[in-house]
Amino acid sequence: MSELNKNHGGFSAIAVFSLKRPITIIMIFLSMVVVGLISSKLLLLEKMPAMKFPYVNVNIAYPSATPKEVEQNITRPLEEALATIGDIKMISSHSTTFGANIGIAFTPKADIDEKTMLVKEQIDLTRNQLPEDVRRIVVNKAQFGNDAIMQIRITSDMDLENAYDLLNRNLVRPIERVAGVARVDFQGIEPKELRIMLDNDAMKKYGIGFAELSQKLRDV
């Protein structure tokens, strides 16, 4: 009961003060309104605000190779090197005929900027273990705001099915060199492929292995 009376007395004091000093109360409310308006102008509004997550993705382009070759020659050496980085929660990888993709999840306390730099350093140290024709390795840290800000659709009266090299050389590569561009994804047209049917009996006869033949074809 005494606590209720105390609260009631506090509200009464505020009411009495407001009645006795109305100008002061009005000035306080006006100040709050002004501060609110100024804050609303300074507050940044973004559709996808930059939010960092403890996750780094490594993409290695290596077309025209079997998933097994990619796994042995690219994915495993990189995984072993990246596993030495501290604060790793999980490493996942995927090897395809187009290359390899390695995802690294760090613990929440990890500094993602520092870990991204360490990932790049480990990749540089492992370069000499990878095939010589591996040229493009892209490292991205996961965060909101990395979504595409521009999409370009290309149409032509001519057939673009065989225009991969032309568009990649004259459009994709120049855009990638523009300052501030993090990544360019090129979809819809596949690179040219040459399918070679092997004669297993002939390979056994001449003592030629699949890996050896594959390497010789790349050197052509």
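Can you tell me which condition R195 does not meet? The list is (1) charged (D, E, K, R); (2) in a loop (DSSP other than H, G, I, E, B); (3) outside the structural domain of A83 (by TED's automatic domain parsing); (4) surrounded by 10 or more Cβ atoms within 10 Å (Cβ to Cβ), and all the others hold. Answer for R195: the failing condition is (4). Residues considered: R169, R173, R177. Of these, the only one that is surrounded by 11 or more Cβ atoms within 10 Å (Cβ to Cβ) and more than 20 Å from P67 (Cβ to Cβ) is R173. The residue that is nearest to the chain's Cα centre (by Cα), counting only those in segment 55-78 that are in contact (Cβ under 8 Å) with a residue 40 or more places away in the chain and assigned to a helix (DSSP H, G or I), is L78.
Per the listing V134, V181, the residue uniquely free of Cβ contacts under 8 Å to residues at least 12 places away in the same chain, touching a helix residue (DSSP H, G or I) at 6+ places or on another chain (Cβ under 8 Å), in a loop (DSSP other than H, G, I, E, B) and within 30 Å of P54 (Cβ to Cβ) is V181.
Each residue in segment 198-220 was checked for being in a helix (DSSP H, G or I) and surrounded by fewer than 10 Cβ atoms within 10 Å (Cβ to Cβ), and 6 of them qualify. Kindly check whether there is at least one residue in segment 82-104 that is assigned by TED's automatic domain parsing to the domain that holds N57, assigned to a helix (DSSP H, G or I) and closer than 25 Å to F53 by Cα. Yes, some residue in segment 82-104 is assigned by TED's automatic domain parsing to the domain that holds N57, assigned to a helix (DSSP H, G or I) and closer than 25 Å to F53 by Cα. Scoring R169 on the criteria (1) in a loop (DSSP other than H, G, I, E, B); (2) at pLDDT 75 or above leaves a single failure, condition (1).
For segment 88-100, does any single residue satisfy the condition of being more than 30 Å from S214 (Cα to Cα), surrounded by fewer than 17 Cβ atoms within 10 Å (Cβ to Cβ) and not hydroxyl-bearing (S, T, Y)? Yes, some residue in segment 88-100 is more than 30 Å from S214 (Cα to Cα), surrounded by fewer than 17 Cβ atoms within 10 Å (Cβ to Cβ) and not hydroxyl-bearing (S, T, Y). T66 meets the conditions (1) buried (at least 17 other Cβ atoms within 10 Å of the Cβ); (2) at pLDDT below 90 in every case but one. The failed one is (1).
The values are calculated or read from the model by the stated rules, or taken from the named source; none is laboratory data. Small disclaimer: the values here were computed from a predicted structure and weren't measured. A quick note on method: Cβ atoms are made from the backbone with ideal geometry, for glycine too, and the neighbour counts reach across all protein chains shown.
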